[in-house]
Amino acid sequence: MTAPFLQTVGLRAHYGDAQALFGIDFHIGEGETVAVIGANGAGKSTFLKSVTGLVRVAPETVLIDGRPSGGSVPGDIVRQGVALVPEGRRLFPSLSVEENLLMGGYARRPGPWSLQRLYGMFPILKEKRKVPATSLSGGQQQMVAIGRALMSNPRLLLCDEISLGLAPIVIKEIYDALPAIAAEGMSVVIVEQDVMVAQRVSQRLYCFQEGRVSLEGASDGFTREQISQAYFGI
Amino acid sequence: MTETIIQGLLLGGLYCLFSLGLSLMFGVMRLTNIAQGDLIVAGGFAAISVAPLVGGHFVMAGVVLLPVAFAVGYALQRTVLNRTLGKDPLPSLVVTFGLSIVIQNALLELYSADPRSLDAGELATGSLNLGGDIYVGTLPLLILVAALACTAGLQLLFSTTSLGRAFRAVSDDREAAELMGLNSAKVYSVATALAFVLIALAGLFQGLRTTVSPADGPLLLLFAFESVIIGGMGSFWGTFVGALVLGVSQQVGFKFDPGWGVWFGHLVFLAVLLVRPNGLFPKTKG
Ligand SMILES: Nc1ncnc2c1ncn2[C@@H]1O[C@H](COP(=O)(O)OP(=O)(O)O)[C@@H](O)[C@H]1O
Ligand SMILES: [Mg+2]
């Protein structure tokens, strides 16, 4: 096994007095695709927010390249090569498609991703580059959100429920694009409600339940019963 | 009547400069700067104090004052105002209200209650013939041109530069902007720094055109508010037009009865609010 690029050790996270994560141990290596599944409110988004600095956590509970990075500001995390496609996309409504993508490149990390390359991959975005990003269809907006994250040339891409609210055919289109995106050794974390999709696109998976890891292992190594128990508890 | 309207447009130019800073700070960080009017007055007094030190010419006073205003705005935002921002608008209102009181009292202490003005030199008496028997003062015309240039400049900055893109992004979604690596505290500070440059310019022109006195601030704030709201929040051209509408309304009222000028402005403001609650040019949401 390659040394983990990102690791969390006993990660705990709080919103005010309410604790949302109770000691998450997680790791992902270079070039790996890992899925995180779990019911609504299990803590999946909180986990991604903790890793990216949107929720403050203790320094030594998040390690990037082995260095304590918990509690860093989001800007420092993205400059270290971890980019988030946030839940609900959160595009900038007053920015055009192209301006949204350019914002993603704000961290100025060197790497293969550029406007040209994204436009080559999603030609529709080139066509619509001048229009407000939030005037696009849901699927196209998701492409912008993913493209915006890629513009920072991440080593690890975190995707929070990118299929939410999209038509099945659009979901398939987006997940089909994933292997090409990750081809150059980028690691990907996929947060998904759809267990089948999650298993299909990932090598390993974690299931969260009420802020704890309830199941962990190779994505194709579980029975339905194991997963549904880990997903819902008893 | 033409004469009245032209005078109103010229007055509106000054009101536009009163309001652009307010519009900018509100647009970028939803901060309503209650001290706007008092800061304009402070800018006017600062120009009056600086002018004799730099040869007496107001242009030189401006050259010294505007960069200082930039630095003061940046520092104030960085050290104080950033701490007041959040979902709740009350802390920033309370703090800028407090700032307003502090400035009024400090000015009263330093300069006494007497109105003072800044010497405009030959500009004060110069005028231009617009054809026929219509003349406009050079100084009011210069102020209107400056307002036009500042509005166009801000609009260009916002729509075409990467700084403008950053302003719009933090305004849309601060957290998402920080995810991209933006430091919103710095972006806000640059916005306030620019607003303070506009405020200082407004104070300088106010001192040149009429007078400043420590108690003027609240009325100037009111004019700035009315301009921004008539024009529609979040649009600089809207603010420009709103200021002209207010200026013309006041001049028309003044023509009927010298006591009615400001009141007529308030009436037009209320009328616009009734007919178009979001102002003449509401920001179109994407
Ligand atoms: N901003 C917030 N403030 C307070 N509690 C929150 C906030 N966001 C999420 N939570 C709580 O944290 C828990 C985990 O939520 P979340 O991470 O969004 O779950 P998931 O993404 O798995 O659906 C839930 O109990 C939720 O109510
Ligand atoms: Mg979630």
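The values are calculated or read from the model by the stated rules, or taken from the named source; none is laboratory data. These numbers come from a predicted model, not from an experiment. Glycine gets a Cβ as well: all are built from the backbone with ideal geometry, and neighbour counts include every protein chain shown. Only protein heavy atoms, including side chains, enter the accessible area calculation; ligands, DNA and RNA are left aside. Shrake-Rupley method; radii C 1.70, N 1.55, O 1.52, S 1.80 Å.
Key figures for this structure:
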quantity	calculated
Residue count for the stretch A:14-41, restricted to those that are in a strand (DSSP E or B), open to solvent by 10 Å² or more (accessible area, probe 1.4 Å) and within 16 Å of ligand 2 (Cβ to nearest atom)	3
All positions within the stretch A:110-149 that are of a type outside the set (Lys, Arg), within 12 Å of another protein chain (Cβ to nearest Cβ) and touching a strand residue (DSSP E or B) at 6+ places or on another chain (Cβ under 9 Å)	A:131, A:132, A:133, A:145, A:149
Selection count where residues are open to solvent by 20 Å² or more (accessible area, probe 1.4 Å) and within 16 Å of residue A:228 (Cα to Cα), scope the stretch A:180-196	4
Selection status of residue A:163, among the hydroxyl-bearing types (Ser, Thr, Tyr) and within 16 Å of ligand 1 (Cβ to nearest atom)	yes
Considering residues of the stretch A:24-47 that are of a type outside the set (A, V, I, L, M, F, W, C) and within 14 Å of ligand 1 (Cβ to nearest atom) only, the residue nearest to residue A:232 (Cα to Cα)	A:38
Flag for residue A:21 being within 14 Å of ligand 1 (Cβ to nearest atom) and aliphatic (A, V, I, L, M)	yes
The stretch B:67-86 residues that are assigned to a loop (DSSP other than H, G, I, E, B), paired with ones that are of a type in the set (Ser, Thr, Tyr) (beta carbon under 9 Å, 6 or more apart)	B:85/B:92; B:85/B:184; B:85/B:188; B:86/B:92
Pairs with Cβ under 9 Å, 6+ apart, first in the stretch A:191-205 and within 10 Å of residue A:38 (Cβ to Cβ), second within 16 Å of ligand 2 (Cβ to nearest atom) and of a type in the set (S, T, N, Q)	A:191/A:45; A:192/A:163; A:193/A:40; A:193/A:163
Count of the stretch B:271-286 residues which are open to solvent by less than 90 Å² (accessible area, probe 1.4 Å) and within 14 Å of chain A (Cβ to nearest Cβ)	3
Residue identified as open to solvent by 40 Å² or more (accessible area, probe 1.4 Å) and under 17 Å from the mean Cα position of the chain (by Cα) among B:41, B:145, B:64	B:145
Evaluation of residue A:212 against (1) open to solvent by 50 Å² or more (accessible area, probe 1.4 Å); (2) over 27 Å from residue B:173 (Cβ atoms); (3) away from ligand 1 (no atom under 16 Å from the Cβ) (one fails), failing number	(3)
Some residue of the stretch B:253-270 being surrounded by 21 or more Cβ atoms within 10 Å (Cβ to Cβ) and among the aliphatic types (A, V, I, L, M)	no
Matching residues in the stretch A:78-102 - criterion: being in a loop (DSSP other than H, G, I, E, B) and more than 7 Å from chain B (Cβ to nearest Cβ)	A:80, A:81, A:87, A:88, A:89, A:91
Which numbered condition residue A:97 fails, given (1) under 26 Å from residue A:42 (Cα atoms); (2) β-branched (Val, Ile, Thr); (3) buried (at least 22 other Cβ atoms within 10 Å of the Cβ)	(1)
Output for the stretch A:42-77, where each listed residue is within 14 Å of another protein chain (Cβ to nearest Cβ), open to solvent by 50 Å² or more (accessible area, probe 1.4 Å) and more than 16 Å from ligand 2 (Cβ to nearest atom)	A:56, A:73, A:76
Residues of the stretch B:86-135 that turn out to be open to solvent by 70 Å² or more (accessible area, probe 1.4 Å), hydroxyl-bearing (Ser, Thr, Tyr) and closer than 14 Å to residue B:216 by Cα, as a count	0
